[in-house]
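FYI, it's all coordinate maths here, none of it is from the lab. What you see is a predicted model; the values in this text were computed from it and never measured. Reconstructed Cβ throughout: ideal geometry from the backbone, glycine too, with neighbour counts over all protein chains shown.
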Amino acid sequence: MINLGSGVQERLGSYLKDNLSYSPALICTGAAIAFLTGAQASMPEWVDRAYLGWLSRIVQNPKIFTMRYINAFRLIYIFYLEKKGILK
């Protein structure tokens, strides 16, 4: 069992799935463990219900999460352009 987060677990899981001679059972629980240990930004239940977790994370750690969300919005825009056929 390996618990990783921040996109690392997806790359490792994909690599293992593609390169092992057998079909492994991959369970990515990095974020769940991070929440339990306190490594992941915690938030009140009402914030989670209001879908404001992103804002709570920015307030708690702006250095990390501001750029992470800005980069995510750039990706959404790129995917939109690709879907419209503007980017090829």
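Once you sort the root eigenvalues of the Cα gyration tensor of the stretch 14-88 as a ≥ b ≥ c, which label holds: rounded (a/c under 1.5), prolate (a/b larger than b/c) or oblate (the other case)? Oblate, since a/c reaches 1.5 and b/c is not below a/b.
In this simple spin-label approximation, Gln60 and Lys84 carry label points 7 Å from Cα along the Cα→Cβ vector, and these lie 3.5 nm apart.
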